[in-house]
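First comes the structure, then the notes that go with it.
The values are calculated or read from the model by the stated rules, or taken from the named source; none is laboratory data. Bear in mind that the values here come from a model prediction, so they are computed numbers and not experimental data. Please note: Cβ atoms are built from the backbone with ideal geometry, for glycine as well, and neighbour counts cover all protein chains shown. These accessible areas exclude ligands, DNA and RNA; they are computed on the full protein's heavy atoms, side chains included. Shrake-Rupley method; radii C 1.70, N 1.55, O 1.52, S 1.80 Å.
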Amino acid sequence: MKIQTLEDNYLITLVGPPNSGKTTLFNYLSGKNYKTVNYPGATVEYSISKIQKKFNIEASILDSPGIISLASNSPDEQVSIDALYSHPTYGIPDLVIVTVDASQISRHLLLAKQLIQSKFKVIIALTMVDLLQRKGFNVSTSVLSEELNCDVISIDGRSGNGVDELIKVAEQNLQKNRITGAEKPIPFDSNVKLEYLLDLYKEIEQIECKAISKVVDNGKQIDINGANKRLVLLNNGLDRKINKLDQTSLKIDKIMLHKVWGIVLFFLAMAITFTSIFWLAQPVMNLVDKSFGYLSYEALNILGNNWYGSFIANGIISGVGSVMIFNPQIIILFLILGLLEDTGYLARGAMLIDKPLSKIGLNGRSFVPMLSGFACAIPAMLATRTIPNRRERLLTIFIIPLMSCSARLPVYALLLAFLFPGDKEWIAGITLAGIYLLSIISSVSVAGIVNKLKNKIITDEDQSSFILELPTYRIPKVSNVLNNSYHSTKAYFKKAGPIILVLSGVIWFLTYFPDYNPKINTVNLTREQAGELQSSTRLANSYASGLGKIIQPVMSPIGMDWRVGVALISSFAAREVFVSSLALIFKVAGDESTLQSSMLHEMHKATIGNTGQSLFTTATIAGLIIFFVFALQCMSSMAVSRKETGSWRLPLLQFFIFTSTAYLFTFIVVNGLRAMGIN
Amino acid sequence: MKTAADLKYGETGIISGIDGSHPSSRRILEVGFTPGQEIELISKAVFNDPLAFSVRGTIIAVRKNEASCIKLL
């Protein structure tokens, strides 16, 4: 049969339990050339691709999230299952390929059986047969095929053995189904009775017993079926050996899951993850920062200092730059998480920290996202997808903005340099460590409080549960990890990029208009000074400043004025914009090497209105630091929080609660310090 | 009655049944803890919770509370 006669929009969906070799097969079929798509309105991610040309089949393959059963256990799982029945974009699958790990056959056939019972067009791709053989057993695909009434093909997703055969059978099935006509799959009742599962397992065990046989030394196979008719006997006879665990993994776990060393190694692993996100990324981040600074400078030179030049240079290029600067951190984060996951350690780390975190309403799986929050809240929120319990997942997303992300670092650096100039740098270092500690304490406390408030903030209620397979340790396949982090990073930019871009444009507009060409007295000024004066005058008359003046009454109680207000407003695009806005507002000349010192000089001179009272004092600087610790001034975090939680409720609550807490604490700190005589 | 939560480190037991009234009972069954299966306690995390069991050739970590719905012979 020629493939041309097939319709070219066949949809094959790949389904399988976690760790069944599903993704390996998908990578092989797609040639790693896939795009990640989102289920509309939800968080479940899909990868879709045309099957590689070399397989001679005109069909698309859709990789769905790993599930162990058609009965959902959480809202997110329900979404995956619904999409399997009928994907909102791609429709009902023409064929379902289920991956089944041959060495885990009794567990993995559960899903396959449920799919067959629900009248999906199923073929089974049997993986890891070599693993089973190493245990001394063999599996008959023909017996399995007969018992399950569907085609079963043994494949090796890494080497590609058997995949040609799988595709051939898939094509035959598609042909056959086209003639017999498509039948809609029957919805699966999620409230299954336990008896049903027990019966299903009994059936599966009987199939297993018929299909699996023991390999003996002389090459002949002994059919154990005849010897052990009864299931219980089989469980004690065959199963004990077939269920033998990987001995290397067991040995590694003796240390990794050790009561004392396990937790020590856990914190060590986390510390390494954290520091490498920081230190590995820093030089690249500086490079990205510099390149965008150069691009922006060049653009302004070429286009001239007019409104479109400024829009391109300050709005677009700086806007994109403020996103791109976090690129290295995000790539490194995805890489490390991918490596940890591929080796099988992530599951163990989650197990080790589950108990302490469950005390404050979180889950063992919350820890990695929280840790990622120190780099950037956006990938951290994405990482919460591994938390199956919706309530715990939402609570994790809720507290992530409190983790001290890297965008706060430039702000703290400036403020601490003001407080502890020159010879007192080591105090600044200790204070910075204290700020990080404060962010951990505050996020843990907030989680505890929100958890105590029960349904006031997070309304979702789920049975808290931690049931997680600890997969066999494996040496990660680097190319897969690299490929996956590339795709995750790309998906992240596609999602967050446009929002950040639009927002940068808006803030540029607010700081540029309406007085975009202010009249200034350029007498006795160099061209550069004139330019500086012009842009600061423009800012002083801008919409942003108008807004700043409106919020002056809000700023006064915390000892600050509208200029800090404007810097705070613009810092909502990204927190570090606070620093550049202050530089603009206080007319700091653009001399790279002395930027900070001239800025500090201007800050020391600044007074509030005509009162002669200093604007930046120990009290107000301390207040600003406290403000940055708590406030949610990151539009992109809110946008991702909206996407991840499915509504504006949680991001708005985060915004109002964290920002008002920040304001309250700033008020207390500033006025408290003043009352104590520290100005 | 003895449950999986009562197993000592390295101790094995045969599952006699699952307490169907526990909210996690379905998932416990789905991951492979079914009557007749032999399980072994492989590891305990700090504070002795969660517990990791070997079952059907793999290791599954479950909270102590959830392990208590796995009844042993």
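Values as computed for the structure displayed
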item	result
Percentage relative contact order, chain A, counting C-alpha pairs under 8 Å, at least six apart	10
Amide H contacts of residue A:67 (H built 1.01 Å from N, under 5 Å, at least 5 apart or other chain)	A:16
Cut-off 14 Å between beta-carbons: net charge of the residues surrounding residue A:162, Lys and Arg +1, Asp and Glu -1	-3
Using a Förster distance of 25 Å, the FRET efficiency for residue A:248-residue B:11 (Cβ separation, nearest 0.05)	0.65
Of A:193/A:244; A:121/A:184; A:193/B:2; A:113/A:210, those spanning more than 20 Å from alpha-carbon to alpha-carbon	A:193/A:244; A:193/B:2
Sequence ranges A:617-626, A:374-383, A:114-123, ranked by mean other-Cβ count within 10 angstrom, highest first	A:374-383, A:617-626, A:114-123
Computed lengthening from residue A:648 to residue A:474, 0.36 nm per intervening residue step minus Cα-Cα distance	58.6 nm
Listed residue (A:379, A:318, A:364) projecting farthest to the positive dipole end of region A:295-396, Cβ model	A:364
Built amide H within the under 5 Å cut-off of residue A:122, gap 5+	A:96
From phi via Karplus (6.51, -1.76, 1.60), per-residue ³J(HN,Hα) for region A:571-583 in Hz, x at Gly/Pro	6, 6, 5, 6, 4, 5, 4, 3, 5, 5, 5, 4, 4
Angle between chain A longest axis and helix A:247-256 axis [Cα atoms, degrees, rounded to 10]	30
Length released on extending from residue A:130 to residue A:529, taking residue separation times 0.36 nm less the Cα-Cα span	136.3 nm
Net dipole in debye of chain A [+1 Lys, Arg Cβ; -1 Asp, Glu Cβ; about Cα centre; nearest 20]	640
Partners for residue A:452 among lysines (Cα-Cα distance below 22 Å; same-chain residues under 8 apart left out)	A:355, A:359
Shielding score for B:31-41, defined as the mean number of other chain Cβ atoms within 10 Å	5
Phi to ³J(HN,Hα) by Karplus 6.51 cos²θ - 1.76 cosθ + 1.60 over region B:9-16, Hz, x for Gly, Pro	3, x, 7, 10, x, 9, 6, 9
Region B:4-72 shape via C-alpha gyration tensor axes, a/c threshold 1.5	oblate
Inter-chain Cβ neighbour average for residues A:466-478, partner chain, 10 Å	4
Charge sum, other residues only, whose C-beta stays under 15 Å from residue A:577's C-beta, Lys/Arg counted +1 and Asp/Glu -1	+1
Carbon + sulfur, % of accessible area of the protein assembly as shown - ligands and nucleic acids excluded, 1.4 Å	60
Shape box of region A:42-161 [Cα atoms, principal axes, largest first, Å]	44, 37, 24
Net lengthening on full extension, residue A:183/residue A:522 (0.36 nm per residue, minus Cα-Cα)	114.1 nm
Region B:4-72 - accessible surface per residue (Å², probe 1.4 Å)	29
Per-residue HN-Hα couplings for region A:526-532 [Karplus 6.51, -1.76, 1.60; θ = phi - 60°; Hz; x = Gly/Pro]	6, 4, 5, 4, 4, x, 4
Cα extents of the protein assembly as shown along the three principal axes, largest first (Å)	103, 64, 43
Spacing of the two label points (7 Å from each Cα toward its C-beta) at residue A:409 and residue A:298, in nm	2.6
Angle between chain A longest axis and helix A:75-85 axis [Cα atoms, degrees, rounded to 10]	50
Cα→Cβ-extended label distance, 7 Å offset, between residue A:667 and residue A:541, nm	3.6
Built amide H within the under 5 Å cut-off of residue A:87, gap 5+	A:92
